[in-house]
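Single-structure report; data block below.
The values are calculated or read from the model by the stated rules, or taken from the named source; none is laboratory data. Here the structure is a predicted model, which means the values were calculated and not measured. Here the Cβ positions follow ideal geometry from the backbone for every residue, glycine too, while neighbour counts run over all protein chains shown.
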Amino acid sequence: MPAVTVLGLEGSANKVGAGLVRDGRVLSNPRRTFVPAPGQGFLPGQTARHHRGCVLAVLREALQEAGLEPADVDCVAYTKGPGMGAPLVTVAVVARTLAQLWNKPLLGVNHCVGHIEMGRLITGAQNPTVLYVSGGNTQVIAYSERRYRIFGETIDIAVGNCLDRFARVLKISNDPSPGYNIEQMAKKGQKLVELPYTVKGMDVSFSGILSHIEEVAHKMLASGECTPEDLCFSLQETLFAMLVEITERAMAHCGSQEALVVGGVGCNMRLQEMMRIMCAERGAKLFATDERFCIDNGAMIAQAGWEMFRTGQVTQLEDSWITQSAVWWGTPPDRGRAQQAPAQAAHGTQASESPWQHRRGQLSVRRR
Amino acid sequence: MAGGGGEAGACAVSPPPLQGLQLVQQGAEARLYRGQFLGRAAVVKLRFSKRYRHPALEERLSRRRTAQEARSLLRCRRAGISAPVVYFVDYVSNCIYLEDIVESTTVRDYITSVQQSGKDTSNLFLLAEKIGEVLARMHDEDLIHGDLTTSNMLLRPPVEELDLVLIDFGLSFISGLPEDKGVDLYVLEKAFLSTHPNTDTLFEALLKKYSATSKKSSLVIKKLDEVRLRGRKRSMVG
């Protein structure tokens, strides 16, 4: 089989990246990050403007670094969702244009699947329980009964969103990212401030913790009761303990011996340390990656695209829409239904266009 | 880069809290022992400490969960909902001594075995209704379980009589809010449907019986619909 080279374009949030992957090897993976002023978050319009300004430079860099010409690329993969509408559209327009200009097939990739595939590629994890934690997602995904299933998740905001918004309260710098700066400050924290701890079965809730800390932070700081570093420390300790707890539940539930942490928050060293202790205590193994692959990047889209392309999937131009919603897992809704009907008739055999299909059945959304 | 650092080591074996107890299960957060307590068949649930948590947080959580479990079990029994008798609570070692429901089966195992046997599944619908009824009564007592799964429900022998016993109240709390009850059902719905594929109609029967039994069910079901639309269903970024 000849080598297959896939270009992946990512821009679902404030990072824009282009990555080239050839048969499991990352050839290049440059990216740019939109950094808003302290106290602010990234708004869709501003973020899209940032992406428009630098996406072509990033693309050129990716090709140069890999030493490839457009003719060497076999397929153009892009993030179809979930994410912010305006930035997603920006990147999708570039992907569609390239596919037509270079006369290459186009492939829309689910962002979450990209994170998991990249994590598996880099770490070599075989059958992990996945903790996927980022600015927009918080999920515990595990393989059970021939499908990847979401066992636990946030019932309101994502853990990264909670951290980012806390950073805005304290006006912590967004450069390089609020989460990184909180992590550095937390290392100097001494005192554990009591915060709500909200685990509901295998689900977690962060909005109450955020409201609480937003309310008490300035009062406590003004009275000298604690330092900003103590607050960062306490928030991290509380949020991460909740995440590790639900991951462990899912592992116990599925009898899993591997854990993989992916997503932007996944490169936090304290979270990795806590996950590693939990795994060691139950005789399991932790897999994690660093910021190059944890944080949104183009290579992860290329890698998931490579897996899909290998099984003969492509996205037609008229299907190359984007979606902000997370319920979409890689199968266009109309085709998904069309294919599921005969599958059910055939008594439980799996048929879908999901990128998992060739390996272990479909990544399913558990409910409705 | 590829940081796979966790050593594969067995969990530290610690002595049982009382002599003569046998370790029967090591769960995610507690070890279960079986044996005799003052001449009665007992299960001892020992909440062991998690090293990944900050010690102060660990202490707070263990104590709270042990206390809450004992309280909620008593509250259930006062309301006539079947739950194990609490024999003794040891707050120093965070141990609870409970009645052993001898020869019981978890609802999870029961559903799986009926499904696999290919036998008549009508009994499962009776079971689902039974669960709906018990949960409605529990919620009417303003008791929120916090970790409803089919593994946390037992059936006393003989299983056909569907004598349901609720266990594992470590995450429980008292609340009259429809929001909390709705989330409680949401947690069960997800656990139920992920553990038992193709049981949507069973769960519908459960909810229907819940609505019929509980006095305040309409607000709760409305909240449940709302909660379903949060999380993954909402538009997300990142």
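One table, with the values for the structure above:
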{"read-out": "Residue match in segment A:355-364 (condition: within 14 Å of another protein chain (Cβ to nearest Cβ), within 30 Å of A:SER177 (Cβ to Cβ) and modelled with pLDDT of 50 or more)", "value": "no"}
{"read-out": "Per-region count, segment B:139-166, residues hydroxyl-bearing (Ser, Thr, Tyr) and under 12 Å from B:TYR110 (Cα atoms)", "value": "2"}
{"read-out": "A:LEU98 under 28 Å from A:THR5 (Cα atoms), in contact (Cβ under 8 Å) with a residue 60 or more places away in the chain and assigned to a helix (DSSP H, G or I)", "value": "yes"}
{"read-out": "Helices (runs of 4 or more DSSP H) wholly inside segment A:154-262 that include at least 2 residues being modelled with pLDDT of 95 or more, more than 22 Å from A:ASN14 (Cα to Cα) and under 25 Å from the mean Cα position of the chain (by Cα)", "value": "A:178-186, A:207-222, A:228-254"}
{"read-out": "Boolean, B:LEU148 is buried (at least 22 other Cβ atoms within 10 Å of the Cβ), at negative phi and in a loop (DSSP other than H, G, I, E, B)", "value": "yes"}
{"read-out": "Matching residues, segment A:1-15, being in a strand (DSSP E or B) and over 16 Å from A:GLY108 (Cα atoms)", "value": "A:LYS15"}
{"read-out": "Set A:VAL93, A:VAL169: member being away from chain B (no Cβ under 11 Å), surrounded by fewer than 22 Cβ atoms within 10 Å (Cβ to Cβ) and free of Cβ contacts under 8 Å to residues at least 12 places away in the same chain", "value": "A:VAL93"}
{"read-out": "Members of segment A:22-74 found to be crowded, with 17+ Cβ neighbours inside 10 Å and of a type in the set (Val, Ile, Thr), listed by number", "value": "A:VAL26, A:THR33, A:THR47, A:VAL55, A:VAL58, A:VAL73"}
{"read-out": "Qualifying residues in segment A:296-314 (those that are at pLDDT below 95 and of a type in the set (Val, Ile, Thr)) - the one farthest from A:LEU107 (Cα to Cα)", "value": "A:THR311"}
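Results for (1) under 14 Å from A:LEU239 (Cβ atoms); (2) of a type outside the set (Val, Ile, Thr); (3) within 11 Å of another protein chain (Cβ to nearest Cβ); (4) out of contact with any Cys (no Cβ under 8 Å at 6 or more places or on another chain), shown as yes or no for each residue.
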| site | (1), (2), (3), (4) |
| --- | --- |
| A:ALA125 | no, yes, yes, yes |
| A:VAL130 | no, no, no, yes |
| A:VAL133 | yes, no, yes, yes |
| A:GLN139 | no, yes, yes, no |
| A:ALA142 | no, yes, yes, no |
| A:CYS162 | yes, yes, no, yes |
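For (1) within 13 Å of A:GLY114 (Cβ to Cβ); (2) without any contact (Cβ under 8 Å) to a residue 60 or more places away in the chain; (3) facing chain B (nearest Cβ under 8 Å); (4) out of contact with any Phe, Trp or Tyr (no Cβ under 7 Å at 6 or more places or on another chain), each residue gets a yes or a no:
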| site | (1), (2), (3), (4) |
| --- | --- |
| A:LEU260 | no, no, no, no |
| A:GLY263 | yes, no, yes, no |
| A:ASP296 | yes, no, yes, yes |
| A:THR323 | no, no, no, yes |
